[in-house]
Amino acid sequence: MEGRWVQIEQAPVPLRCWWNNPQKESKNVVLVLPEVFGVNSWVRSVVDRLAEQRIPALAMPLFARTAPELDLGYTDDDLVEGRRHKEQTTAQQILDDASSALGWLRQQYSQSKITVVGFCFGGHAALITSTLPDVDITFDFYGAGVATTRPGGGPPSLELLSNTSGKFTFICGTGDPLIPEADRTSIQQALREEDPSEIRLSYVEIEDADHGFMCEQRASFRPNASTLGWQLLMNEFKE
């Protein structure tokens, strides 16, 4: 099945999303939240890779108000541009747009479990989105800033963990300059305090992995760390 663009109109602003649905019925469906670089070719490849495993997936833009068709590469200039839009985005906007995308997915697959997978700023957004009742499982890949900030201002997004009803996994590397040791310690402690069993809420730290280790298009890509990340994700679907 080829991926394609779809427009979700039943939202505060139209959401131009990348969608790939390989089958009419599925036990699982995934909402992918992108890095600051938008729904670019790599994010679309994540959707298509899930579809190859017969898992329908939708990638939603996080900057639909300021850059609805953002599609950047990974140069320094691209990073500056992506961060410019990130600074104009609030947690409430993320919740509003994610609610619309989740509602659209429910219309397509009413009985499926919904997993949210986010990378970088999308990982931070995934933590925020995990508080929504439609979300069953969340994977936050190197969501920088969750221990110290919240988009648009307010207490750190990490404080939202108490509102996460489903399963939640935070994955990062020890070589990530955007998630220093102090932040990693705070995240791990918060997860353990909320779920001492570490079954529902879990923390995975990968030695020496840099920020962006899942993305083949970035210089920080780490094949072994990426393989582990994909294994953790796919194991959840097997369960």
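Considering only the range 4-59, state which residues are assigned to a loop (DSSP other than H, G, I, E, B) and crowded, with 23+ Cβ neighbours inside 10 Å.
Once the filter is applied, which keeps residues that are assigned to a loop (DSSP other than H, G, I, E, B) and crowded, with 23+ Cβ neighbours inside 10 Å, the range 4-59 yields PRO34, GLU35, VAL36, PHE37, VAL39, ILE55, PRO56.
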Residue tally, condition small (Gly, Ala, Ser) and over 15 Å from LEU95 (Cβ atoms), over the range 2-17: 1
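Which residues, taken from the range 197-220, are free of Cβ contacts under 8 Å to residues at least 60 places away in the same chain and either under 16 Å from the mean Cα position of the chain (by Cα) or within 20 Å of ILE137 (Cβ to Cβ) (or both)? Can you show your working first?
Of the range 197-220, the ones free of Cβ contacts under 8 Å to residues at least 60 places away in the same chain are 197-210, 220.
SER197, GLU198, ILE199, ARG200, LEU201, SER202, TYR203, VAL204, GLU205, ILE206, listed by residue number.
Does ALA225 meet the test of being among the hydrophobic types (A, V, I, L, M, F, W, C), more than 18 Å from the chain's Cα centre (by Cα) and either in a loop (DSSP other than H, G, I, E, B) or modelled with pLDDT of 95 or more (or both)?
Working: among the hydrophobic types (A, V, I, L, M, F, W, C): yes; more than 18 Å from the chain's Cα centre (by Cα): no; either in a loop (DSSP other than H, G, I, E, B) or modelled with pLDDT of 95 or more (or both): yes.
Judged against the criteria, ALA225 is not a match.
Checking the condition out of contact with any strand residue (DSSP E or B) (no Cβ under 8 Å at 6 or more places or on another chain), at pLDDT 95 or above and farther than 13 Å from GLU35 by Cα, which residue from LEU105, LEU95, LEU50 passes? Talk me through it step by step, then tell me what you get.
Details: LEU105 fails: out of contact with any strand residue (DSSP E or B) (no Cβ under 8 Å at 6 or more places or on another chain); LEU50 fails: out of contact with any strand residue (DSSP E or B) (no Cβ under 8 Å at 6 or more places or on another chain).
The unique qualifying residue is LEU95.
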Close pairs (7 angstrom Cβ cut-off, 6 or more residues apart or separate chains): closer than 13 Å to ALA11 by Cα in the range 82-108, acidic (Asp, Glu) and not in a helix (DSSP H, G or I) anywhere: LEU102/ASP134
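Taking into account only those residues within the range 84-100 that are among the acidic types (Asp, Glu) and assigned to a helix (DSSP H, G or I), which is surrounded by the most Cβ atoms within 10 Å (Cβ to Cβ)?
So the first thing to find is which residues in the range 84-100 are among the acidic types (Asp, Glu), and the list is 87, 96-97.
Subset that is assigned to a helix (DSSP H, G or I): 96-97.
Values: ASP96: 14, ASP97: 26.
Ranking the candidates gives ASP97 first.
Residues that are in contact with an Asp or Glu (Cβ under 7 Å, 6 or more places away or on another chain) and either surrounded by fewer than 19 Cβ atoms within 10 Å (Cβ to Cβ) or of a type in the set (A, V, I, L, M, F, W, C) (or both): list the strands (runs of 3 or more DSSP E) wholly contained in the range 115-216 that include at least 2 such residues. First the steps, then the outcome.
On the way: elements: 137-141, 167-173, 201-206.
In the range 115-216, the matching strands (runs of 3 or more DSSP E) lie at 167-173.
Going residue by residue through the range 125-137, is there one that turns out to be closer than 18 Å to VAL30 by Cα, in contact with a Lys or Arg (Cβ under 6 Å, 6 or more places away or on another chain) and not acidic (Asp, Glu)?
Of the residues in the range 125-137, the ones closer than 18 Å to VAL30 by Cα are 125-137.
After this cut, where a residue has to be in contact with a Lys or Arg (Cβ under 6 Å, 6 or more places away or on another chain) as well, the list is 136-137.
Now drop any that are not not acidic (Asp, Glu), which leaves 137.
Yes - at least one qualifying residue is present in the range 125-137.
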Per the filter on the range 60-83, residues within 21 Å of PRO156 (Cβ to Cβ) and not in a loop (DSSP other than H, G, I, E, B) are ARG83
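The values are calculated or read from the model by the stated rules, or taken from the named source; none is laboratory data. Just so you know, these numbers come straight off a predicted model, no measurement behind them. Positions of Cβ are backbone-derived with ideal geometry, glycine not excepted, and every protein chain shown enters the neighbour counts.
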